[in-house]
Amino acid sequence: MTVTDTFTPSTYELVAVDAYRDIHKGIRADLFDLTGTAGRIDPSCPGDVADLVRHVDQTVDLLVTHAEHEDTHLVPVMSELLPELNATIQRDHAELEGRLVDLQGWARNAVAAPDGETRGEVQRLYIELASFTSAYLAHQDLEERVVAPELHRVIGPEGVLAIHQAIVAGIPPDQMAASLALMLPAMNNDDRTELLGGMQAGAPPEVFAGTWSLAGSVLEPRDVSVLARRLGV
């Protein structure tokens, strides 16, 4: 049984430390963009198809890495304190990662298809991406509605914050930059102010400067102005 078979959404509960919020916004935005792109590219253009395949690979890398972060830092806590919920999450991760392998296979079929067959292979990839996105959204919903409040119940906000900080500290700079490039445009200005303000207060000045430069390259000028005013930069 998987999350799509067993999970009935409950009332959403706000938590003091929402470790899922920012990265989940970025992942959703990326999956929506990837699926939409697959539906509208020109199948007769090899460059468009090759770009789509590269995007699939990038998304797979993102999702696999995200699951690894959760498995490394959350499983030790959840396996002890929330074993049944942990088992569900682990089954979801295994199923979703298997589907990612399938997506890469369908992407390879699309880019290698002979003339006359590319359109059908791209359509197949689009349908499979849409189906995967639906399943992944259900998994995220479980984490946000159930896992997050349960973690607060068993280890408290301080424990959740410690896990979140450990995850962030273990992300290499290149992965962090790629994640921020997805997350920041998907977040609202309150989210951005909290994230960037924390970095401004606690990270080395050169790290914040690099992140601020990245924000300027991926956000609308109006939003950059709002953030600059709030952060005093």
- Here the averaged projected area of the stretch 150-222, based on the convex hull of its alpha-carbon atoms and given in nm², is 5.6 nm²
- Computed [θ] at 222 nm, helices only, for the chain once each DSSP H run of length n ≥ 4 contributes -39500 (n - 2.57): -27000 deg cm²/dmol
- For the stretch 99-233, alpha-carbon Rg relative to the globular expectation (2.2 N^0.38 Å, N residues): 1.40
- Protein-only accessible surface order, largest first, of Ser179, Ser131 at 1.4 Å: Ser131, Ser179
- Task: From the C-alpha gyration tensor of the stretch 42-165, pull out the three semi-axes of the equivalent ellipsoid (sqrt of 5λ each), sorted largest to smallest, in whole Å.
- Result: 37, 13, 11
- Is the stretch 15-73 best put as rounded, prolate or oblate by its Cα gyration tensor, with a ≥ b ≥ c the root eigenvalues, rounded for a/c under 1.5, and otherwise prolate when a/b is larger than b/c, oblate when not? oblate
- Message: Tell me the net charge near Ala166. Cut-off is 15 Å between Cβ atoms, Ala166 excluded, with +1 for each Lys or Arg and -1 for each Asp or Glu.
- Response: -4
- How high is the relative contact order of the chain, in percent, counting Cα pairs under 8 Å that sit 6 or more residues apart? 32 percent
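The values are calculated or read from the model by the stated rules, or taken from the named source; none is laboratory data. Everything numeric in this text was worked out from a predicted model, so none of it was measured. Positions of Cβ are generated from backbone atoms using ideal geometry, with glycine treated the same way; all protein chains shown enter the neighbour counts. Heads up: the accessible areas ignore ligands, DNA and RNA and are worked out on the full protein's heavy atoms, side chains in. Shrake-Rupley method; radii C 1.70, N 1.55, O 1.52, S 1.80 Å.
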